[in-house]
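The values are calculated or read from the model by the stated rules, or taken from the named source; none is laboratory data. As the structure is a computational prediction, the values presented were derived from the model and not from experiment. Reconstructed Cβ throughout: ideal geometry from the backbone, glycine too, with neighbour counts over all protein chains shown. Heavy atoms of the whole protein, side chains included, go into the accessibility calculation; ligands, DNA and RNA do not. Shrake-Rupley method; radii C 1.70, N 1.55, O 1.52, S 1.80 Å.
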Amino acid sequence: MKKIILIASVFLLAVQCSENQSETSVSPTQTKTATTEISTDSLKNYAGETKKLLVKNLTQKIEEGGAENALEFCNIEAMPLTKSMSEKHGLQISRVTDKPRNSSNLANDEELKLIEKYKQQILAGETLAPTRTATHYYEPLVTNAMCLQCHGEKGKNIQTKTLEKIAQLYPNDLATGYKENEVRGLISIKTN
Ligand code: HEC
């Protein structure tokens, strides 16, 4: 009996974690809102709000107990983005990248091209503008010093304790080796 309870709770935990990790699907009524034309200004606000929430959460967690502590809960970072933001606005908001930590965040071909374009623009010293496609709104996510604690160079920016935790939680992690002001990925909002 004890065993069953244990298995059940492990299963529950796994479900909770994967829920946090995957893009939250929207209910039919919410989808309706999403399909009516959304102004680029509103999308810009949603993306900005999402970014702010991301930085706020990370900074707070790091202050509480260092970067390794911020990694503690499945993915403290992705959770508020994909869940509360998606629910709040009835839109699918997610993050995608060419070098994923969480493999479910891998960019598709079109997104990979866009990431490449943004990288070239940074090298050329150009300003990065949002992109709207027939189905999505994208904004680049660019690294700052704070990001490097978990995405920077091993043995330089990322502390050993943090590295160990990353390896434990994300054995196939590709998201290290960044410097400041590099394209880490995109915020993606599904508009259609
Ligand atoms: C405390 C450690 C930590 C810090 C600091 C941090 N991240 Fe992350 N980042 C993570 C973790 C853990 C994941 C995987 C989340 C998941 O499982 O969905 C991640 C995932 C991402 C992703 C999604 C793509 C992927 O690789 O799975 C992007 C984009 C991203 N981070 C950008 C940033 C940016 C930009 C900053 C700085 C503003 C930043 N991160 C700071 C830990 C961190």
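Here is how the numbers come out for the structure above:
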quantity	calculated
Selection count where residues are open to solvent by 50 Å² or more (accessible area, probe 1.4 Å), farther than 22 Å from GLU116 by Cβ and within 9 Å of the ligand (Cβ to nearest atom), scope segment 139-170	3
Near pairs, Cβ below 9 angstrom, 6+ apart or cross-chain, from segment 180-192 (closer than 25 Å to LYS156 by Cα) to any residue that is open to solvent by 80 Å² or more (accessible area, probe 1.4 Å) and more than 11 Å from the ligand (Cβ to nearest atom)	VAL183/GLU116
Every residue from segment 100-114 that is closer than 16 Å to ALA167 by Cβ and buried (at least 18 other Cβ atoms within 10 Å of the Cβ)	PRO100, ARG101, ASN102
Failed condition for THR29, given (1) open to solvent by less than 90 Å² (accessible area, probe 1.4 Å); (2) at pLDDT below 70; (3) in a helix (DSSP H, G or I)	(1)
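Each row is one residue, and each column tells you yes or no for (1) within 16 Å of the ligand (Cβ to nearest atom); (2) touching a Leu at 6+ places or on another chain (Cβ under 8 Å); (3) modelled with pLDDT under 85.
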residue: ASN45; (1), (2), (3): no, no, no
residue: THR59; (1), (2), (3): yes, no, no
residue: ILE62; (1), (2), (3): yes, no, no
residue: ILE76; (1), (2), (3): yes, yes, yes
residue: LEU114; (1), (2), (3): yes, yes, no
residue: TYR118; (1), (2), (3): yes, yes, no
residue: ALA124; (1), (2), (3): no, no, no
residue: ALA129; (1), (2), (3): no, no, no
residue: HIS136; (1), (2), (3): yes, no, no
